[in-house]
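**Q** Can you read through this structure? Questions will come right after.
Derivation of every value follows stated rules applied to the coordinates shown; laboratory data play no part. These figures come from a predicted structure and were not determined experimentally. Glycine gets a Cβ as well: all are built from the backbone with ideal geometry, and neighbour counts include every protein chain shown.
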Amino acid sequence: MKLPFDKIYCLHLSEDKERENQIKKQFKFLGITKQVDIWWTCKRDISNKIGKMITSLHTKFYNTYSKNNNKLYGNVFNCSFEHYSIIKQAYMRGFNNILIIEDDVVFNRDKEKIQYIMNNIPDDYDIIKFFNEFTNNLYDNEPVKFINNKTDLKPYKVSSLCYAISRNGMKIYIEEMDKKFRIADLILEDLKCDENVKFYCLSKNEFCMTSDQWHCNSNILFERFNND
């Protein structure tokens with residue numbers, strides 16, 4: 001299987017070896033290992049000090065986020081900066097589209113289901129979100145589809161777990177983050193609401209889910225990869 005992206009980036013927390021083993025087994029099972037670049041990162045306990053050294057980042061990000069999250073905002077800043085760095089590098093390398101995933105993702109083991117989703121990706125997308133936090137029902141008979149937030153009023157929340165972004169989407173993302181640097185989830189939420197951005201989301205989690213969500217869901221389509 002080859003997913004229809006120039007490159008797949010996996011944002012990986014280097015301290016978590018179990019996640020590394022699990023995600024690499026999934027790449028092997030899906031046959032996409034050669035498409036993937038592991039983007040290594042680590043916890044940033046000193047990120048608050050770094051942020052204060054960079055005035056623009058401090059004023060645009062820290063003062064807003066740290067009000068109720070004093071213990072977490074350093075790592076959240078780091079994650080957001082890594083997403084920004086991935087997209088900017090991909091844009092500078094001339095890629096037309098990329099898939100960004102975080103290392104706690106669990107892919108559907110039904111390859112036919114994944115291939116169906118890949119075959120139906122909208123041609124005009126700027127950003128596609130493959131994980132829907134408001135959808136956990138994998139048992140209904142409604143076929144999975146791509147929701148266009150401009151025409152479908154079904155609510156969904158944006159997360160940075162797994163999303164695709166086109167070259168035009170990269171340009172928009174970079175410009176928006178340069179204007180106002182913010183949390184990775186929130187920049188996607190803002191772009192979802194932008195009338196000039198073609199933003200899609202899967203109606204059901206039949207491409208992937210979080211590892212935490214997998215533990216709460218007994219659907220046999222999703223399995224751990226320990227025996228591969």
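**Q** If packing is taken as the average count of other Cβ atoms within 10 Å, what order do 8-15, 27-34, 160-167, 78-85 fall into, highest mean first?
**A** In descending order of packing, they fall as 160-167, 78-85, 8-15, 27-34.
**Q** Collect residues whose amide H, placed 1.01 Å from N in the peptide plane, falls under 5 Å from the amide H of Asp37; neighbours closer than 5 in sequence don't count.
**A** Ile8, Tyr9, Cys10
**Q** Taking R0 as 25 Å, what's the FRET efficiency between Met1 and Lys145 from their Cβ-Cβ distance, rounded to 0.05?
**A** After rounding, the FRET efficiency stands at 0.75.
**Q** Ordered by residue, what ³J(HN,Hα) values in Hz, to whole numbers, does segment 120-127 give under the Karplus form 6.51 cos²θ - 1.76 cosθ + 1.60, where θ = phi - 60° and Gly and Pro are x?
**A** 10, 5, x, 5, 9, 5, 9, 9
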